[in-house]
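The values are calculated or read from the model by the stated rules, or taken from the named source; none is laboratory data. No experiment lies behind these values; they were computed from the predicted model shown. Cβ atoms come from the backbone with ideal geometry, glycine included; neighbour counts cover every protein chain shown. The area values use the complete protein model at the heavy-atom level, side chains included, leaving out ligands, DNA and RNA. Shrake-Rupley method; radii C 1.70, N 1.55, O 1.52, S 1.80 Å.
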There are 4 protein chains.
Amino acid sequence: MTASTSVPTPSVPAPDIVRCAYLDLVVTDLKKSRDFYVDLLGLHVTYEDDEAIYLRSFEEFIHHNLVLRKGPIAAAAAFAFRVRTPEDVDKGEAYFKELGCRTERRKEGFVRGIGDAVRVEDPLGFPYEFFYEVEHVERLHMRYDLYSAGELVRLDHFNQVTPDVPRGRVYLEGLGFRVSEDIKDSEGTTYAAWLHRKETVHDTALTGGDGPRLHHIAFSTHEKHNIIQICDKMGALRMSDRIERGPGRHGVSNAFYLYILDPDGHRVEIYTQDYYTGDPDNPTITWDVHDNQRRDWWGNPVVPSWYTEASLVLDLDGNPQEVIKREDKSELAVTIGADGFSYTRAGDESGSYHGEASKGFKLGSQV
Amino acid sequence: MTASTSVPTPSVPAPDIVRCAYLDLVVTDLKKSRDFYVDLLGLHVTYEDDEAIYLRSFEEFIHHNLVLRKGPIAAAAAFAFRVRTPEDVDKGEAYFKELGCRTERRKEGFVRGIGDAVRVEDPLGFPYEFFYEVEHVERLHMRYDLYSAGELVRLDHFNQVTPDVPRGRVYLEGLGFRVSEDIKDSEGTTYAAWLHRKETVHDTALTGGDGPRLHHIAFSTHEKHNIIQICDKMGALRMSDRIERGPGRHGVSNAFYLYILDPDGHRVEIYTQDYYTGDPDNPTITWDVHDNQRRDWWGNPVVPSWYTEASLVLDLDGNPQEVIKREDKSELAVTIGADGFSYTRAGDESGSYHGEASKGFKLGSQV
Amino acid sequence: MTASTSVPTPSVPAPDIVRCAYLDLVVTDLKKSRDFYVDLLGLHVTYEDDEAIYLRSFEEFIHHNLVLRKGPIAAAAAFAFRVRTPEDVDKGEAYFKELGCRTERRKEGFVRGIGDAVRVEDPLGFPYEFFYEVEHVERLHMRYDLYSAGELVRLDHFNQVTPDVPRGRVYLEGLGFRVSEDIKDSEGTTYAAWLHRKETVHDTALTGGDGPRLHHIAFSTHEKHNIIQICDKMGALRMSDRIERGPGRHGVSNAFYLYILDPDGHRVEIYTQDYYTGDPDNPTITWDVHDNQRRDWWGNPVVPSWYTEASLVLDLDGNPQEVIKREDKSELAVTIGADGFSYTRAGDESGSYHGEASKGFKLGSQV
Amino acid sequence: MTASTSVPTPSVPAPDIVRCAYLDLVVTDLKKSRDFYVDLLGLHVTYEDDEAIYLRSFEEFIHHNLVLRKGPIAAAAAFAFRVRTPEDVDKGEAYFKELGCRTERRKEGFVRGIGDAVRVEDPLGFPYEFFYEVEHVERLHMRYDLYSAGELVRLDHFNQVTPDVPRGRVYLEGLGFRVSEDIKDSEGTTYAAWLHRKETVHDTALTGGDGPRLHHIAFSTHEKHNIIQICDKMGALRMSDRIERGPGRHGVSNAFYLYILDPDGHRVEIYTQDYYTGDPDNPTITWDVHDNQRRDWWGNPVVPSWYTEASLVLDLDGNPQEVIKREDKSELAVTIGADGFSYTRAGDESGSYHGEASKGFKLGSQV
């Protein structure tokens, strides 16, 4: 289980991680999840049976970017990263063993399409997987006959909720990730950090909060109108209540974004047009937590649920990891004062909720 | 002054209105307004001096679509419509005279670029102008060397706040407008109506509220990304607090939209991609006021200010028209109950405000 | 049959035409045409049986914009225009009778979804239809669940080939059309003219050439990327040989365009973003035939087939109209000299063809 | 000077190249080039004086991506690549010394903004530069107040003309580049190859032809409409004769593209939306030279000049490298037969040119 001590740097080398590659996700109703990921979002089915559906994005050539696995509790079973060589799987195993983490070697066939792999319960309590061997499938990147108006073309990143972001950051930097952007306050509290291996803003990010939990998985589109189409389609399907936040322009990452919720409440981001980060001295951008444009460049408020809701993660036995409460100030809390607003749910005075307020909720004099 | 009796249909024919053509707008600081409309939004200056700036959109061939006129009180001085022939100006004068409205003939030069015109204080209290004669200027529609990333290509419509929407609707239908869409409840209250002469969803709309007031003026762009660029640019200029609502997809009109506020608080909509309404039997679409997708197809809540704030309008002497309170239920009020939320401004318990709530503000159990 | 004398103006009033509404098109293989218009282009089927398929665009509320009718000879059976009132059908009949044209009243059911109508063989030899009564069907304009990446949202216009453009122009102006743009040379020859009733650049256009023939039917998309997607999809389906010309930006009309060929060689334009023409004094734009940007703003050459190939049209008995040769200089011919190029098909010296040359075909010195 | 023997693999390690970083380009009229790259294309000036202009793209944080340097002969003076560490500059020097190439160490200040660097005359005759040290400047990636409608956001790649593509490919693979795509025929002739270090389709490509010459430099945009805007703007500026090819969709790379010519005839590609290639086993795509969609997915023909015209490159003394004739079949030549067309320039029978023909130039029967 996650301990609050700092994560030491192992003496053995870290595995050479290439990129985030797939998420192994437990869903409670496979049919409903298929409706969401295949019929609504248009992900492409590599394989499916009664127990699981293997999905990939338009430009992907490995077997899948997302596994939907039927199970009793909605949760993330594994955050899987591709490594550069078969030996990096061994390196990953040794690295986490030295960290004192539980590890399990998973042989070919444990997850369809994936060869030799190692799964670990990492120091933050997340189930990470590292693999090199993978089945190649048809890259659909020129199959415009299959291209939907809201086509998801790549897996972009994961986002993880953890109570102690600085601790997680040090751990991930040790593992070879580099920080592209972060959110801090003047007292040194870190609220969130974005970390990458591939040459984009992130392969994963750490969001401060009760964790370990999965905040979201993100797919990218070619252009902004593709994201708008997903919203429009959800409107047409009368699913607007599953649009949680956005669309908008992020401050952090500069990407155009949308957050939607799958039938189990797993959060999916649709994302496009961040920037190249591949240079060794790519400048890290630090945002002030009080900057109202940090999370939405247009100043649209973050809905409280986005800060508070997240998905459970599983340990290597498939049981939910215990969720540890964040002790540091929450980003949600510190951004109330700045705006001077709170929200109250009608008919529930005792449970009034305090969130970030919209710039739009001004109460100026009327004519 | 606006009286609450129904507006009779004159015996003389209505003028043949072609389209909404320009807004005569009083601003209190011409320099600041120029920064907003020219530097930020990229409208093209046809003429300017110390007293006024005449602006047009990219595809316009008449002298202007917007006059910014320096004055002591921010307000709309005229909603100007183009009519089909010079004789229609006479018809307009006769029509409003029979309605008992104050009218004034304005000769060429009263407004630069505009010839013979008639201004009226209409039955709802709005200053309407009808003109045919107008100076032609260079249509910039292929001047892509001047085309900005957020280019405004046409004036699309006006939107007016009036306490009694059904009364206003009957009056405007008498004047030749046709209703494309409206919002009602099951008890027959009409909250808003969209009316057109040109073959789009509207040349003007009526929004229920304290009035007569100008709700907004709307310009259209070619594509959705042009609107997103305006948001991005306002973010870059640290003007996100002037983005009031959106961007989003309207239910009513099906257009992609954004509402921003000029330095005086005049509201400007940026709008694109509604539909053709030119057939004589174009179907009118009625939305239920309780449909959470009526004003935003994605279910994003309307900020209360959008319902309550608006600009004064002037009488023909240049004095503000008295604002009459709406007696019918407000759309803002009736949409609280449906969602079960209210908002409270922190530290101002007595002045708590009740508005439409975000679908995002769910308070479900956390892990 | 078309006579080369000028078309007189009838004493009776012209029908009040609202817009081009549908094309009745004979195809030789209904299955192949369905593949093209439904599977490739995504038009929506209102009704189909073994003899005909009735298709409409995304935003349409009348029964159809295109009828695909099985027949022995690929040809256009009718260019149908909607008129403002039922009486305008009678006016249309009287108007063309006075012109000495053959007319036939077609009752409800002759064309599915269309009520009382009149079909005429017009002075140029084209089969025109005028109707008011029409079945309303679901307007799909917010059915984003059906929205394809290359969605066709409206019927925009027809384009007709006729040997004597000035004669055709006078006739259509008499019928109430107004010219938005034309192409001329300094000696007064008119090569093409664009004419509208609805408030866009055209409902139909006249292209100089051997006629009467159908040059193309045009559908519009919301944005430019929708047109690019159609190209990409045709590439994916290995149908690139059916992309005849474009995509590009027109000089005339300022629209973004693409021309593709259906299985019978009927030409379809995909078109987006022309401009508003609804004002009574909308300025007519005249282009010089020698302006290399008139037909493609980027100077890409028009392929010769675009000038020479077109579809037959039928008389009211369903027989092909005789094609009359253009006597005036062809646009294709006059634009050779300007560019100084000709094309020769290898192995066919006798049949060498002279066309407009690409700016790209420069033969400058190599290093 | 380029010798036609194969390039051996040095015993010392290759430098770790990060990406193509900037092109040092000699232009003959600095003012005209500024008009092109700054006023037309909107690149951002980091520094300029009477001798040179240093330009960068919207998302760049290093000093420049393009140097325009005044000189007597239009040519490319250096293709500069960034390496991962300062030591990689030394490695680069050693690597090329072992290859028997001329190398010169260039100290900070030789090129403004660039620190210690090595320039080499590589085995193909190209002037390559490797550097690590570079001045950081403001990354403009969120400066949407500066964002033009055709904004160039990144340097994407170079493209080099060389007579012996397989030889060049082996050399570049030795240097650490990996091949993403290539064009071959069934007899084994390689016509072109695309090679990358960063995780896109290429940092440079080899085009078969007389060389060494610079084929083009490519900048990327965010979306396809940005490229269309550049065409539209060139049309508005009556520069359509400087649009050489496109816009179109590449087969190879799957990117949307445009080729334009600067005042000296240097070719610039505008490019967007290729795919991720960062995985170690990223599949290489081989295209058949006879596939008419390989270079344009829509089958639009490549204009001959695109194959034959290119820019000189300089040796380390600033003198033009001798151009060696390609002995293998040219792609231009082999694609004539397939299409069965040739082009003849009118009035120049002796100099008739044979190129790839347009699918549009069909000479089928006319009605």
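Let me confirm something: among D:ASP39, D:ASP29, which residue is open to solvent by 20 Å² or more (accessible area, probe 1.4 Å), out of contact with any helix residue (DSSP H, G or I) (no Cβ under 8 Å at 6 or more places or on another chain) and free of Cβ contacts under 8 Å to residues at least 40 places away in the same chain?
Working: D:ASP29 fails: free of Cβ contacts under 8 Å to residues at least 40 places away in the same chain.
Going through D:ASP39, D:ASP29 in turn, the sole match is D:ASP39.
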Some residue of the stretch A:204-215 being modelled with pLDDT of 95 or more, under 23 Å from A:GLY92 (Cβ atoms) and assigned to a loop (DSSP other than H, G, I, E, B): yes
Residue count, the stretch A:18-61 (criterion: within 14 Å of chain D (Cβ to nearest Cβ) and under 26 Å from A:SER240 (Cβ atoms)): 2
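Criterion first (modelled with pLDDT under 95 and either within 7 Å of another protein chain (Cβ to nearest Cβ) or open to solvent by less than 10 Å² (accessible area, probe 1.4 Å) (or both)) does B:GLY340 satisfy it? Reasoning before the result, please.
Working: modelled with pLDDT under 95: yes; either within 7 Å of another protein chain (Cβ to nearest Cβ) or open to solvent by less than 10 Å² (accessible area, probe 1.4 Å) (or both): yes.
It is true that B:GLY340 is modelled with pLDDT under 95 and either within 7 Å of another protein chain (Cβ to nearest Cβ) or open to solvent by less than 10 Å² (accessible area, probe 1.4 Å) (or both).
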Among residues of the stretch B:123-140, those that are open to solvent by less than 10 Å² (accessible area, probe 1.4 Å) and of a type outside the set (A, V, I, L, M, F, W, C), counted: 4
Qualifying residue in the stretch B:144-166 (condition: open to solvent by 10 Å² or more (accessible area, probe 1.4 Å), closer than 30 Å to B:ASP232 by Cα and free of Cβ contacts under 8 Å to residues at least 60 places away in the same chain): yes
Yes/no for A:ALA205 being within 21 Å of A:ASP315 (Cα to Cα) and free of Cβ contacts under 8 Å to residues at least 60 places away in the same chain: yes
Pick from the stretch D:1-25, criterion open to solvent by 10 Å² or more (accessible area, probe 1.4 Å) and of a type in the set (A, V, I, L, M, F, W, C), ranking: farthest from the chain's Cα centre (by Cα): D:VAL12
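Acidic (Asp, Glu), on the phi < 0 side of the Ramachandran plot, more than 14 Å from every other protein chain (Cβ to nearest Cβ) and not in a strand (DSSP E or B): which single residue out of D:GLU173, D:GLU199 fits that description? Steps first, please.
Details: D:GLU199 fails: more than 14 Å from every other protein chain (Cβ to nearest Cβ).
Just one listed residue meets the conditions, D:GLU173.
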Whichever residue in the stretch A:191-205 is of a type in the set (Val, Ile, Thr) and open to solvent by less than 10 Å² (accessible area, probe 1.4 Å) and, among such residues, is nearest to A:TYR271 (Cα to Cα): A:VAL201
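Which is touching a Gly at 6+ places or on another chain (Cβ under 8 Å) and either more than 22 Å from B:PRO280 (Cβ to Cβ) or open to solvent by 20 Å² or more (accessible area, probe 1.4 Å) (or both), of C:ALA77, C:ALA94?
Values: C:ALA94 fails: touching a Gly at 6+ places or on another chain (Cβ under 8 Å).
Testing whether each residue is touching a Gly at 6+ places or on another chain (Cβ under 8 Å) and either more than 22 Å from B:PRO280 (Cβ to Cβ) or open to solvent by 20 Å² or more (accessible area, probe 1.4 Å) (or both) leaves just C:ALA77.
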Any hit, the stretch D:206-214, residues being β-branched (Val, Ile, Thr), open to solvent by less than 10 Å² (accessible area, probe 1.4 Å) and closer than 25 Å to D:ALA149 by Cα: no
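Select from the stretch C:100-157 the residues that are under 25 Å from C:GLU59 (Cα atoms), modelled with pLDDT under 95 and touching a strand residue (DSSP E or B) at 6+ places or on another chain (Cβ under 9 Å) and write down the one among them that is nearest to the other protein chains (Cβ to nearest Cβ). Write out each step before concluding.
Going through the stretch C:100-157, the residues under 25 Å from C:GLU59 (Cα atoms) turn out to be C:108-117, C:128-157.
So of that shortlist, the ones also modelled with pLDDT under 95 come out as C:108-110.
Within this subset, residues satisfying the condition of being touching a strand residue (DSSP E or B) at 6+ places or on another chain (Cβ under 9 Å) are C:108, C:110.
On the way: C:GLU108: 16, C:PHE110: 20 Å.
Only one residue fits best here, namely C:GLU108.
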Residue in the stretch D:240-252 that is closer than 30 Å to C:SER253 by Cα, away from chain C (no Cβ under 12 Å) and at pLDDT 95 or above present: no
Scope the stretch C:46-56; condition open to solvent by 10 Å² or more (accessible area, probe 1.4 Å) and in contact with a strand residue (DSSP E or B) (Cβ under 6 Å, 6 or more places away or on another chain); matching residues: C:THR46, C:TYR47, C:GLU51, C:TYR54, C:ARG56
Count of the stretch B:170-189 residues which are open to solvent by 10 Å² or more (accessible area, probe 1.4 Å), more than 17 Å from B:PRO283 (Cβ to Cβ) and not aliphatic (A, V, I, L, M): 7
Filter result for A:VAL323 (buried (at least 23 other Cβ atoms within 10 Å of the Cβ) and aliphatic (A, V, I, L, M)): no
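Out of curiosity, is D:THR9 in contact with a Ser or Thr (Cβ under 9 Å, 6 or more places away or on another chain) and modelled with pLDDT under 95?
Working: in contact with a Ser or Thr (Cβ under 9 Å, 6 or more places away or on another chain): no; modelled with pLDDT under 95: yes.
Answer is no for this residue.
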